[in-house]
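Comments concern the structure below.
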Amino acid sequence: MDRKAVSHGKRTSAFNELFQSKNKIFQSPKSVDTIKQLLLMAANKDSIIFDFFAGSATTAHAVMQLNTEDGGKRKFIMVQLPEKTNEKSEASKAGYKTIAEISKERIRRAGKKIKEENATTAPNFDTGFRVLKVDSSNMADVYYTPDKTKQTELFKNTDNIKEKRTSEDLLFQVLLDWGVDLALPIKKETIAELEVFFVDGNALAACFVKDGQITEDFCKELAKREPLRVVFRDSGFGDDSVKINVEQIFKLMSPHTDIKTI
């Protein structure tokens, strides 16, 4: 463990909880203070900091700590493969099966401690973060040639979304497709008993219910919000006539809204 990091006592207590000398969870963590010095030399206060080998997420810890010290608005993006920890290691014994799990826990603990230590000077300091993973498309392969299509399997091909994909999965794919910032605030609301995601206020509204639950009354309530973009799941419409009527509702009530169906 880096002596300089230990010497700072209170500021690195969250660090020590995960990387204490007798029972190290991570064997070779970088120094928070060293990373902070590098950030001061190489980055502006509103920079986005990338670390493609996150490890224990020291860089994220350093970014949050430095922001509280100089009022910066730096953001971080950590990249870490879900590399498995050694079964005999202290990390594995403590329940961390991958290095990525250690990274997430480090950010949680460091963020919580930093907020506690700066509750008076920075009561609204944001230590939230999102965890995303690279995966295949949410869209199912529904394009088959006639000779490979069986009549008994036709109903299996009515939904173009892969099984076990959540509404959150679909939402982030839409954000990527539309080029929307993945760090924008997301709020979940219920309108006419249906779940709707609102991204950055009214920048985007998304409803991914299926089985024909989307009705004209629901869309009228949603159109009153006048979102900049709105996206639905295709199987959410009962039939084509409902889908067409929904488009007309938005043209009348919120003509600037860009409508998309997946």
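The values are calculated or read from the model by the stated rules, or taken from the named source; none is laboratory data. Since the structure is predicted, the reported quantities are computational estimates derived from the model, not experimental observations. Here the Cβ is made from the backbone with ideal geometry for all residues, glycine too, and neighbour counts use every protein chain on show. Protein only, heavy atoms only, side chains kept; ligands, DNA and RNA dropped before computing areas. Shrake-Rupley method; radii C 1.70, N 1.55, O 1.52, S 1.80 Å.
Taking 0.36 nm per intervening residue step and subtracting the Cα-Cα distance, what contour gain separates N86 from D135 on full extension?
15.2 nm
Just to confirm, what accessible area per residue do you get for segment 74-123 at 1.4 Å probe, in whole Å²?
63 Å²
Determine the gain in length on full extension of the stretch K187-I244; use 0.36 nm per residue of separation and subtract their C-alpha separation, reporting nm with one decimal.
Working it through step by step, the gained length comes to 17.8 nm.
Using r as the Cβ-Cβ distance of D217 and F53, and R0 as 45 Å, what FRET efficiency do you calculate, to the nearest 0.05?
0.30
Segment 39-76: which trypsin sites (Lys or Arg not before Pro) are DSSP loop and have at most 11 other beta-carbon atoms within 10 angstrom?
K73
Taking the alpha-carbon centroid of each part, what is the distance from segment 188-228 to segment 37-58 in angstrom?
38 Å
May I ask you to order 216-223, 179-186, 53-60, 234-241 by the average number of other C-beta atoms within 10 Å around their residues, highest value first?
Averaged packing, sorted descending, gives the order 53-60, 216-223, 234-241, 179-186.
Report the full-extension gain for the segment N160 to N202: residue separation times 0.36 nm, less the Cα-Cα distance, to one decimal in nm.
My answer for the length gained is 12.4 nm.
Once the Cβ-Cβ distance between D169 and A43 is put in as r, and R0 is 35 Å, what FRET efficiency do you end up with, to the nearest 0.05?
0.60
Let me check I've understood the local charge: for C207, count other residues with C-beta under 9 angstrom from its C-beta, Lys and Arg +1, Asp and Glu -1. What total comes out?
Surrounding charge for C207 is 0.
Show me 87-94, 167-174 ranked by packing, highest mean number of other Cβ atoms within 10 Å first.
The most tightly packed comes first, giving 167-174, 87-94.
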